[in-house]
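Okay, so here's the structure we're looking at.
The values are calculated or read from the model by the stated rules, or taken from the named source; none is laboratory data. Treat the numbers as computed from the prediction; the structure is a model and nothing was measured. So basically every Cβ, Gly included, is an ideal-geometry build from the backbone, and we count neighbours across all protein chains shown. In case anyone asks, the SASA skips ligands and DNA or RNA and just uses the protein heavy atoms, side chains included. Shrake-Rupley method; radii C 1.70, N 1.55, O 1.52, S 1.80 Å.
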Amino acid sequence: MSQESADPIRPQTGDALLIVDVQYDFLPGGSLGIAGADAVIAPLNAWIARFRAAGLPILATRDWHPPDHCSFVAQGGIWPEHCVAGSPGARFHADLALPEDVLVISKATRQDAEAYSSFAGTDLAEHLRRLAVKRLFIGGLATDYCVLNTVEDGLHLGYAAMVLVACVRAVNVRPGDGERALAAMFAAGAVPVEG
Ligand code: VGL
Ligand code: ZN
């Protein structure tokens, strides 16, 4: 059996892969490091290979904050400083096999606004319209913040949302946040995809 026919769901025209915030600061050793988050890289690379082979669009978001972003503890926010635009911690992990023509979406770039959704204040929706995308395959970090808000916004905007369950990890500020976030996404109409 070929690799492709063994895939649970085969990407097709109208699909795009959206990789959320696989940046050093969210990976173990980073300033907002998520336990086990490096485990998303290998399965995401397999999805990248499938989308590339099918000639389908691949987009990658990045948390891209100014140095005094309102979400940081020094500004009264809840997070340690992370993903400051242009800093080493804001880089995509080098093992993530992003293609040269990946569309990069920077988000939460304004000092005075938190923005967990990849759609908030970005041109993501314009890109998806131009590319005639109907269905988003979404994986990355973190399940309980940017993935959750991106999936919910995507569903509200009329996209089908396929959640790559092996490719997401949660911050879990409260134990169970990640599981609750997944349950909320599926209750809202997102579809779990293995692998
Ligand atoms: C995120 C916490 C703070 C995320 C971003 O990408 O999920 N989480 N900033
Ligand atoms: Zn952030």
> Taking the Cα centre of the chain as origin and charging only Cβ (+1 Lys, Arg; -1 Asp, Glu), how large is the dipole, in debye to the nearest 20?
Replying inline: 400
>> I'd like the FRET efficiency for ASP101 and ALA184, computed as 1/(1 + (r/R0)^6) with the beta carbon distance as r and R0 of 25 Å, rounded to 0.05.
In response: 0.15
>> What is the angle, in °, between the Cα long axis of helix 41-53 and the longest principal axis of the Cα atoms in the chain? Nearest 10 is fine, range 0 to 90.
In response: 50
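Given a 1.4 angstrom probe, I'd like the percentage of the accessible area of the chain that is carbon and sulfur, rounded to a whole number.
53
Any idea of the accessible area per residue across the chain, 1.4 Å probe, to the nearest Å²?
Working: 8800 Å² over 195 residues.
In whole numbers, the chain has 45 Å² accessible per residue.
Over its Cα atoms, what ratio of radius of gyration to 2.2 N^0.38 Å does region 106-154 give?
1.15
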>> Would you calculate the convex hull of the Cα atoms in region 1-101 and tell me its volume per residue in Å³?
In response: 124
> Taking Cα centroids, how far is region 118-193 from region 40-104 in Å?
Replying inline: 15
>> Using the Cα centre of the chain as origin and beta-carbon charges of +1 (Lys, Arg) and -1 (Asp, Glu), tell me which of ALA132, PHE92, PRO57 is placed farthest towards the positive end of the dipole.
In response: ALA132
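Semi-axes of region 128-184's equivalent ellipsoid from the Cα gyration tensor, sqrt of 5 times each eigenvalue, largest first, rounded to whole Å?
Sorted largest first and rounded, they come to 23, 10, 8 Å.
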> When Lys and Arg each count +1 and Asp and Glu each count -1, what net charge do the other residues less than 15 Å away from ARG110, Cβ to Cβ, add up to?
Replying inline: -3
>> Quick check on region 11-193: take the gyration tensor over C-alpha atoms, sort the square-rooted eigenvalues as a ≥ b ≥ c, and tell me if it's rounded (a/c under 1.5), prolate or oblate.
In response: rounded
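Determine, from the Cβ-Cβ distance of ALA85 and GLU126 and an R0 of 25 Å, the FRET efficiency 1/(1 + (r/R0)^6), rounded to the nearest 0.05.
Taking R0 as 25 Å, the efficiency between ALA85 and GLU126 is 0.75.
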